[in-house]
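K.L.:
Dropping a structure here in structure tokens format, bear with me for questions.
The values are calculated or read from the model by the stated rules, or taken from the named source; none is laboratory data. In this text the structure is predicted, and so the values were computed from the model without any measurement. When we count neighbours, we look across all protein chains shown, and the Cβ atoms used for this are built from the backbone with ideal geometry, even at glycine. Note: areas computed on protein heavy atoms with side chains; ligands, DNA, RNA excluded. Shrake-Rupley method; radii C 1.70, N 1.55, O 1.52, S 1.80 Å.
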Amino acid sequence: QVQLVESGGGLVQAGGSLRLSCAASGGTFSSYRMGWFRQAPGKEREFVACIRWGTLYADSVKGRFTMSGDNAKNTVYLQMNSLKPEDTAVYYCAAQNIGRIGARSRYEYDYWGQGTQVTVTS
């Protein structure tokens, strides 16, 4: 069973940048589809990005966020640029067993990290 630990969240002004990291243990992240989701207070957890052979992004972050992976470190990243107050949320890393469908659905992911808070001030 894979364990996921996120880091890199924090407080940033609008227009700033942050890079989130998700370290995987107990498995090799390249064996999974890896995703980032976020959940703002009072809202549903929503898809942000995922990576397997390629990357997918939510329309709301396309062009501003970039997801990447480092096989040697068994870590995936989410580079977030041009941050907006509406990006404020707890960001979660998730892993999906191969063979599952629904890259954008939180219900199709099997393992989750504990989350890291991102707060963007105006």
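K.L.:
Could you please give the count of residues in the range 48-65 that are within 14 Å of the chain's Cα centre (by Cα), without any contact (Cβ under 8 Å) to a residue 24 or more places away in the chain and over 20 Å from Val90 (Cβ atoms)?
P.N.:
The total comes to 2.
K.L.:
Just checking, how many residues over the range 56-77 are acidic (Asp, Glu) and open to solvent by less than 60 Å² (accessible area, probe 1.4 Å)?
P.N.:
Adding up the residues that qualify gives 1.
K.L.:
Now a separate question. Quick one: Phe37 ticks every box in (1) of a type outside the set (Asp, Glu); (2) open to solvent by less than 50 Å² (accessible area, probe 1.4 Å); (3) over 18 Å from Tyr107 (Cα atoms); (4) in contact (Cβ under 8 Å) with a residue 40 or more places away in the chain bar one, so which box is it?
P.N.:
All conditions are met except number (3).
K.L.:
State which residue is nearest to Asn74 (Cα to Cα) when the search covers only the range 40-55 and only residues that are open to solvent by less than 50 Å² (accessible area, probe 1.4 Å) and of a type outside the set (Gly, Ala, Ser).
P.N.:
Ile51
K.L.:
Take the residues of the range 106-122 that are of a type outside the set (Phe, Trp, Tyr) and open to solvent by less than 40 Å² (accessible area, probe 1.4 Å): which is farthest from Lys43 (Cα to Cα)?
P.N.:
Filtering the range 106-122 for residues that are of a type outside the set (Phe, Trp, Tyr) and open to solvent by less than 40 Å² (accessible area, probe 1.4 Å), the one farthest from Lys43 (Cα to Cα) comes out as Gly113.
K.L.:
Could we say that Glu86 is within 14 Å of the chain's Cα centre (by Cα), open to solvent by 20 Å² or more (accessible area, probe 1.4 Å) and of a type in the set (Asp, Glu) here?
P.N.:
On the way: within 14 Å of the chain's Cα centre (by Cα): no; open to solvent by 20 Å² or more (accessible area, probe 1.4 Å): yes; of a type in the set (Asp, Glu): yes.
The answer is no for Glu86.
K.L.:
A further question on this structure: For the range 13-34: of the residues being open to solvent by 20 Å² or more (accessible area, probe 1.4 Å) and among the aliphatic types (A, V, I, L, M), which is farthest from Met80 (Cα to Cα)?
P.N.:
For the range 13-34, the residue satisfying everything is Ala23.
K.L.:
With the condition being among the β-branched types (Val, Ile, Thr) and touching a Lys or Arg at 6+ places or on another chain (Cβ under 6 Å), I'd like the strands (runs of 3 or more DSSP E) fully within the range 1-113 carrying at least 1 qualifying residues.
P.N.:
Filter on the range 1-113 gives 46-51.
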